[in-house]
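None of the figures in this text is laboratory data; all of them are computed from the coordinates on show. Just so we're clear, the structure is a prediction, and the values are computed from it rather than from any experiment. Note that we place each Cβ from the backbone using ideal geometry, even for glycine, and neighbour counts take in every protein chain shown.
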Amino acid sequence: MRQGIKTGTDRVTIAQVAREAGVSKTSVSRFLGGEFDALSQHLRQQIGQTITRLGYQPSQMARGLKGGRTRLIGMLVADILNPYSVAVLHGAEAACQKHGYTLMLCNTGNDEKREKQSLAALHSYSVEGLLFNTQGRSVAPLEELGQAAFPVVLLDRRIDGCDFDLVGLDNVNAARLATRHLLDQGYTDIALVVQPLHGVSSRQGRQAGFLQAMAGCPGGHGETLEVHLDQPGHVATVLREFFQRRAHSSGRIAILAGNGMVSLQIALALQSMKLQFPDDVGLLCFDELSWSPLVGCGISTIEQPTYEIGFTAIERLLVRINGERSVRMEILLDGRLIHRQSSCSVANDRTLALCSRIAGKIGSSAGMTR
C-alpha cells in the first residue's frame, strides 16, 4: 500500500481513506470534523489508523470554507520596497501567529489596477479580514467593502468616506517633534522633502506638523519640496534649487526627509554635491533604518513604532472579525526622536561662512547631477 504524505495530483483524498478503511466518506468526514459521538469506537480507531498509514492531510482551506472560517487575514501594502512596510509586516505576522491566523501578503506597487486585482484575489481565498495600506487614489474598492461590513483596518493612511479603523503613527506630532528639534538646534531654513502629497494622509499629516512648528518660529523659513523617486536625479535637482534660493540667507539650512526611501536619495544627492552634515546642512529623517547610524557621523531619525503598529492593527482587526460594530476608531502611536550628529548645532559665527560654502559647492557640482 502507498504510504507517506502525498503532494500535487498524488495527494491522498477522503475517498481513498474511506476505501482503505472500508467505511463511507461520510464517516471519514465526521471523524475529521470531530463528530466522534456519531461513530463507534471501532470505526474511530479504524479511520484514525488509516489516516496515519496513508499520511492523509485534510485541506485546511476546504475545512474553513465549510465551517465559515478560514483563519486567513489579507494584507495589502502600497510598496513592499518601503522599509516601513516590511517592519510593520513583522508585527502583523507575530500577532497572527499568537491568535492562530495566517497572513496573506499582496504588494500593489502603488498601482490602482494591481490594488483591485489583489483585493479580488484575497476575496477568492475567503480572508476573514484585511489590513490595508492604500495607494490613496481610488477608494471605490474600499467603499464596496465598507458597504458589505467587511472587517478592514487601515495602516497609516486615512481614506475619506470610508468608515474603517486606522492604526499608525501620530504623523502630525512626530513632524512637530522633528521640526522643533531642528529649530532648537539653530536651524532656521528647513525643507520638508516628501513624495507627492495628494491622496496620502500620512504625508499630509507630516506636512501639517512641520508647518505648525515653523509657524512658531517667526524668523524661520519652511518649504515643502515634493519629489518623484522614479525620476533619476529629481531629488538632487530639487535640493539644489532650494539651496540656491536660500544662498543669501543668514540662517542655517536643514533637510527633513519624509520617509526612509526619500532619506536614501537625499543622502546620495548631498554626497553628489559634496555637502556634509551637519557642517554644510542639517539632516533629520523619518524612519530609523539599519544604516542610519552608519552614514557620515550618524543620521538623526524619527523612529516609528512599526512592530507595534502591525501587531496592534491585527488585534484591532480581530475585534472587528469577532463582531464588534462600534464607531470607527483611530489608534495613533508616538514616534521617538533619535538624535545623532547630522542634526547637531553649529556655532552662530559660522553661519554666513557656511552659506557661502554651500553656494560654492553647489556651483561646482551643478553639472554632476543634472
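Data for the structure
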| read-out | value |
| --- | --- |
| Two-decimal Rg/Rh across segment 8-58, once Rg and the Kirkwood Rh are taken from alpha-carbon atoms | 0.95 |
| Centre separation in Å (Cα based) which lies between segment 218-234 and segment 259-312 | 15 |
| Protection-proxy order for peptides 122-134, 232-244, each taking the mean of Cβ atoms within 10 Å per residue, highest first | 122-134, 232-244 |
| Net charge over other residues, Cβ less than 12 angstrom from the Cβ of Gly209 (K, R count +1; D, E count -1) | +3 |
